[in-house]
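Visitor: Dumping the structure here so I can ask a few things about it.
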Amino acid sequence: MKFQTIGNPNDSLIIMLPGSFCPSSGLNYLYEKLKDDYCIVLVEYNGHYENSTFSSRQNEAKGIVEYIQKQNIHTIKMIYGQSMGAEIAIELFKQLEKTNIDIDCCFLDGAPCIKFPYL
């Protein structure tokens, strides 16, 4: 799993989870408008880049929890999940309940809303 941080690490944190087979860069129309006010963590799932294999949403969520803990994060302003990212967000929320990490809100989008250049 790969993580990219955009914005000021001292600002409130938003975790953005794209849909399946969608690169995190496909969410740039959202994070470009938020990066001046928030710290945004973009996630590239295993299986979405070379030499990696997707196994389950539970394992992807576990990897995100481990990353958050390594970064010493205690509060998440928002978890945004799109399509399969919403499924991973639900699992992430469930796993974070067992930690001391607070989540202000979740936004779960059931359909990918990426601006594809050919549409």
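Visitor: How would you order 83-94, 99-110, 2-13, 36-47 from highest to lowest mean count of nearby Cβ atoms within 10 Å?
Guide: On the way: 83-94: 20.9, 99-110: 13.0, 2-13: 14.8, 36-47: 18.9.
Ranked by mean Cβ neighbours within 10 Å, highest first: 83-94, 36-47, 2-13, 99-110.
Visitor: Just add up the charged neighbours of Met78: K/R +1, D/E -1, any other residue whose Cβ is under 13 Å from the Cβ of Met78.
Guide: Numbers: positive: Lys77; negative: Asp11, Asp37, Asp102, Asp104, Asp109.
Summing Lys/Arg as +1 and Asp/Glu as -1 gives -4.
Visitor: While we're looking at this one, here's another question. Find which of Thr75, Met16, Phe3 sits farthest along the positive direction of the dipole of the chain, computed with +1 on the beta-carbon of Lys and Arg, -1 on that of Asp and Glu, about the Cα centre.
Guide: Among Thr75, Met16, Phe3, the one farthest towards the positive end of the dipole of the chain is Phe3.
Visitor: I would also like to ask the following. Suppose every K and R has +1 on its Cβ and every D and E has -1 on its Cβ; what is the size of the dipole of segment 59-113 about the Cα centre, in Debye to the nearest 20?
Guide: Approximately 160 debye in magnitude.
Visitor: Give the cross-link partners of Lys35 among the lysines, using a straight C-alpha distance below 17 Å as the criterion and excluding same-chain residues fewer than 8 apart.
Guide: Lys77
Visitor: Only four residue types carry charge here, +1 at the Cβ of Lys and Arg and -1 at the Cβ of Asp and Glu. Report the dipole size of segment 1-88 about the Cα centre in Debye, rounded to the nearest 20. Intermediate values should be presented prior to the final figure.
Guide: Working: 7 positive and 9 negative charges, 29 e Å.
My answer is approximately 140 debye.
Visitor: Please turn the phi angles of segment 56-70 into ³J(HN,Hα) values with the Karplus equation 6.51 cos²θ - 1.76 cosθ + 1.60 (θ = phi - 60°), one per residue in order, whole Hz, x for glycine and proline.
Guide: Computed from phi, the couplings for segment 56-70 are 6, 5, 5, 5, 5, 4, 4, x, 5, 4, 4, 4, 4, 5, 5 Hz.
Visitor: Find out how many positive minus negative residues lie around Ile103, taking Lys and Arg as positive, Asp and Glu as negative, among other residues whose Cβ is under 12 Å from that of Ile103.
Guide: Numbers: positive: Lys77, Lys94; negative: Glu97, Asp102, Asp104.
With Lys, Arg at +1 and Asp, Glu at -1, the neighbours total -1.
Visitor: Right, another one. Given the convex hull of the Cα atoms of the chain, what is a quarter of its surface area in nm²?
Guide: Mean orientational projected area (the chain, Cα hull): 7.2 nm².
Visitor: Follow-up question, since we're still on this one. Return the distance in nm (one decimal) between the two label points of a simple spin-label model at Lys62 and Phe107, each offset 7 Å from Cα along Cα→Cβ.
Guide: Inter-label distance under the simple model: 3.0 nm.
Visitor: Right, another one. Please find, in a Gaussian network model of the chain (springs between Cα atoms separated by less than 10 Å), the residue of Asn51, Asn59, Asn72 whose mean-square fluctuation is greatest.
Guide: Top of the fluctuation ranking is Asn51.
Visitor: Calculated from DSSP H runs of 4 or more alone, at -39500 (n - 2.57) each and per residue, what is the 222 nm mean residue ellipticity of the chain, nearest 500?
Guide: On the way: 3 runs with 34 residues, N = 119.
Helix-only estimate at 222 nm: -8500 deg cm²/dmol.
Visitor: Defining a contact as two alpha carbons under 8 Å apart and six or more residues distant in sequence, what relative contact order in percent does the chain show? Write down the numbers at each step before the final one.
Guide: On the way: 216 pairs, mean separation 35.7, N = 119.
Rounded, it is 30 percent for the chain.
Visitor: I've got another one for you. Provide the per residue accessible area, probe 1.4 Å, for the chain, rounded to a whole number of square angstrom. Provide the component values of the computation, followed by the final result.
Guide: Details: 6810 Å² over 119 residues.
Accessible surface, normalised per residue, equals 57 Å².
Visitor: Still on this model: How charged is the neighbourhood of Asp37? Take every other residue with its Cβ under 15 Å from the Cβ of Asp37, and add Lys/Arg as +1 and Asp/Glu as -1.
Guide: On the way: positive: Lys33, Lys35, Lys77; negative: Asp11, Glu32, Asp36, Asp104.
Taking every Cβ under 15 Å from that of Asp37, the sum is -1.
Visitor: Next question, about the same structure. Please list the non-local residues whose amide H lies under 5 Å from the amide H of Cys106, H modeled 1.01 Å from N, same-chain partners needing a gap of 5 or more.
Guide: Result for Cys106 returns Ile79.
The values are calculated or read from the model by the stated rules, or taken from the named source; none is laboratory data. Treat the numbers as computed from the prediction; the structure is a model and nothing was measured. FYI the Cβ positions are ideal-geometry reconstructions off the backbone, even for glycines, and counts take in every protein chain you see. Surface areas here come from the heavy atoms of the whole protein model, side chains and all, with no ligands, DNA or RNA. Shrake-Rupley method; radii C 1.70, N 1.55, O 1.52, S 1.80 Å.
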